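Down below is the structure, laid out as structure tokens.
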Amino acid sequence: MSHNAESTAFRSALEVIRAVEPRVADAISAELADQRESLKLIASENYASPATLLAMGNWFSDKYAEGTVGRRFYAGCQNVDTVESLAAEHAKELFGAAHAYAQPHSGIDANLVAFWAILADRVESPALKKAQVRQVNDLTEADWFALRRELGNQRMLGMSLDAGGHLTHGFRPNISGKMFDQRSYGTDPTTGLIDYDRVAEAAREFRPLILVAGYSAYPRKVNFRIMREIADSVGATFMVDMAHFAGLVAGKVFTGDFDPVPHAHIVTTTTHKSLRGPRGGLVLCGPELADQVDRGCPMVLGGPLPHVMAAKAVALAEARRPDFADYARRIVDNAQALADGLLRRGATLVTGGTDNHLVLIDVSGYGLTGRQAEQALLDSGIVTNRNAVPQDPNGAWYTSGIRIGTPALTTRGLGATEMDATAELIHTVLTQTTAGTGPDGAPSKAKYVLDPATAESVGKQAADLLTPFPLYPEVDLT
Ligand code: PLP
């Protein structure tokens, strides 16, 4: 039994929870055990520090704090002001932004805040202005009608889903696709890379109010200087959603043309992916949009989560330390080592490699769908997720791709040697798995055949790979 502060803190917390609902305490312990055992290659996940996790479990959760720092609609928010200011200050320093808004509960919420701020800034609508200044109840039926008509006419140009864009960049299943008239830019069918001339052409034809850059599954850098020039050429507001690669911006791996902050009018992010913070979002912008952004709650957000803002302040303080830059560099080195290992073994990668934290394998060369590959890998102790590839013939459900990312394994300390071993394990599973058939003997996009002995052997090797790199070594729950 370890007596360090982290072990004592988590053990005591579990003891207190166990006294009320033991099944929750058990599930929390089981989650740690599961995470410790799995080779986590989910590109959007990470492991936050014990300090970040602990900053969330406290009485800040009890406090309502609608409004902004120093201007709250509730009394007694002085301590919330402290943590919200700290989170915003750290974010501003870290990313070199003029303004930071730390309240969004998630990346999707951060995008909604940004959309509303841009609309309020750009659309000449008395009804919208009224709504923005907390007079929603004063809107007449005619106001609402005018508002819907004016908003419905606004246009957004973002990266297509199958090229790696995100649902919130104007796609139908998300409110952004209902709010905006949307068009998307894809990638070059030969290289898989963004073709900036095509983006410029689409912008000229479509003349969007908002040009969005950013992605969930594009394995390359984006030139934000060129994207800003395109936005300026058509009078669009340039928004970057850096949810996936914020850690690489914070760690100064993406600088110059590849750092979105100096080029975009507004930048949104999550805090829990490569940035390694709590689950949440942030918005960064210049002074022009700051007032509108700060109206995020209650315009589109529920009351702020002060306990999560406290954890954001802790995680952002960690990201400002010099060793975070080393961490960010290693994320990319690991992704490149993984990509190289896969390519050497014959895999097909979208764009032929990576220069960020993620790799997208086209598994059609193995005769599999993404769904089959994802499950076969999971059976073998390797956690990934299926993802569409550009012009995917299998659509967004079955897909033809597997997305893998290195932020989590890099946090554990795995390096290039382990990435090559991981490539070997993935290659073994994908070459040993065959597509299965349905009950009627017809080819299935979901069923697959993998010898359980192979899955077990790979699972054992994956576990061995992790043994020298314990997760949360400072936390001993025994
Ligand atoms: N934006 C991008 C680019 C993302 O990849 C994601 C999540 O995967 C989000 C936004 C949404 O983040 P959240 O799940 O925190 O709402």
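Laid out as a table, the results:
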{"item": "Lone qualifier among VAL308, VAL300, VAL293 - being open to solvent by 10 Å² or more (accessible area, probe 1.4 Å), assigned by TED's automatic domain parsing to the domain that holds ILE194 and more than 23 Å from GLY251 (Cβ to Cβ)", "result": "VAL300"}
{"item": "Count of the stretch 402-426 residues which are closer than 15 Å to VAL383 by Cβ and aliphatic (A, V, I, L, M)", "result": "7"}
{"item": "Residues of the stretch 380-412 that turn out to be within 19 Å of ALA48 (Cα to Cα) and part of a helix (DSSP H, G or I), as a count", "result": "6"}
{"item": "Scan of the stretch 6-33 for residues that are open to solvent by 40 Å² or more (accessible area, probe 1.4 Å) and touching a residue at least 60 places away in the same chain (Cβ under 8 Å), ordered by number", "result": "GLU6, PHE10, ARG11"}
{"item": "Residue, nearest to THR168 (Cα to Cα), within the stretch 278-290, restricted to residues that are crowded, with 22+ Cβ neighbours inside 10 Å and more than 11 Å from the ligand (Cβ to nearest atom)", "result": "VAL283"}
{"item": "Counted residues, the stretch 191-223 - those being under 21 Å from ASN356 (Cβ atoms) and either part of a loop (DSSP other than H, G, I, E, B) or among the hydrophobic types (A, V, I, L, M, F, W, C) (or both)", "result": "18"}
{"item": "Failed condition for LYS273, given (1) farther than 27 Å from ASP392 by Cβ; (2) within 15 Å of the ligand (Cβ to nearest atom)", "result": "(1)"}
{"item": "Residue ID - nearest to ALA376 (Cα to Cα), chosen from residues in the stretch 463-475 that are open to solvent by less than 60 Å² (accessible area, probe 1.4 Å) and part of a helix (DSSP H, G or I)", "result": "ALA463"}
{"item": "Residue in the stretch 159-190 that is nearest to the ligand (Cβ to nearest atom), counting only those that are part of a loop (DSSP other than H, G, I, E, B) and open to solvent by 70 Å² or more (accessible area, probe 1.4 Å)", "result": "PRO173"}
{"item": "Test: residue in the stretch 271-288 that is farther than 24 Å from GLY353 by Cβ, assigned to a helix (DSSP H, G or I) and in the same structural domain as SER85 (by TED's automatic domain parsing)", "result": "yes"}
{"item": "Verdict on PHE238 being away from the ligand (no atom under 14 Å from the Cβ) and in a strand (DSSP E or B)", "result": "yes"}
{"item": "Single residue of the stretch 211-235 satisfying the filter (in contact with a Lys or Arg (Cβ under 9 Å, 6 or more places away or on another chain), of a type outside the set (A, V, I, L, M, F, W, C) and away from the ligand (no atom under 16 Å from the Cβ)) that is nearest to GLN182 (Cα to Cα)", "result": "GLY235"}
{"item": "Tally of residues being assigned to a helix (DSSP H, G or I) and out of contact with any strand residue (DSSP E or B) (no Cβ under 9 Å at 6 or more places or on another chain) across the stretch 299-319", "result": "13"}
{"item": "Lone qualifier among ARG134, ARG122, ARG36 - being more than 25 Å from PHE254 (Cβ to Cβ), open to solvent by 70 Å² or more (accessible area, probe 1.4 Å) and modelled with pLDDT of 95 or more", "result": "ARG36"}
{"item": "Any chance ARG371 is without any contact (Cβ under 8 Å) to a residue 24 or more places away in the chain and touching a helix residue (DSSP H, G or I) at 6+ places or on another chain (Cβ under 7 Å)", "result": "no"}
{"item": "Scan of the stretch 52-70 for residues that are open to solvent by 50 Å² or more (accessible area, probe 1.4 Å) and of a type in the set (Gly, Ala, Ser), ordered by number", "result": "GLY57, SER61, GLY70"}
{"item": "The stretch 137-152, subset surrounded by 12 or more Cβ atoms within 10 Å (Cβ to Cβ) and among the acidic types (Asp, Glu), residue modelled with the lowest pLDDT", "result": "GLU150"}
{"item": "Residue within the stretch 73-82 that is β-branched (Val, Ile, Thr) and surrounded by fewer than 16 Cβ atoms within 10 Å (Cβ to Cβ) present", "result": "yes"}
{"item": "Residue that is nearest to LEU86 (Cα to Cα), among those in the stretch 320-369 that are part of a strand (DSSP E or B), open to solvent by less than 10 Å² (accessible area, probe 1.4 Å) and touching a Leu at 6+ places or on another chain (Cβ under 9 Å)", "result": "VAL359"}
{"item": "Residue that is most open to solvent (accessible area, probe 1.4 Å) [pool: residues in the stretch 436-462 that are in contact with a helix residue (DSSP H, G or I) (Cβ under 6 Å, 6 or more places away or on another chain) and assigned to a strand (DSSP E or B)]", "result": "LYS445"}
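Residue by residue, here is whether (1) free of Cβ contacts under 8 Å to residues at least 24 places away in the same chain; (2) of a type in the set (Asp, Glu) holds:
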| position | (1), (2) |
| --- | --- |
| GLN154 | no, no |
| MET159 | no, no |
| GLY165 | no, no |
| THR168 | no, no |
| PHE171 | yes, no |
| LYS178 | yes, no |
| ASP181 | no, yes |
| TYR185 | no, no |
| THR190 | yes, no |
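The values are calculated or read from the model by the stated rules, or taken from the named source; none is laboratory data. Note that this is a predicted model, so its numbers are computed, not measured. No Cβ is skipped: glycine too gets one built from the backbone with ideal geometry, and neighbour counts run over all protein chains shown. We work out accessible area using only protein heavy atoms, side chains counted, and drop any ligands, DNA or RNA first. Shrake-Rupley method; radii C 1.70, N 1.55, O 1.52, S 1.80 Å.
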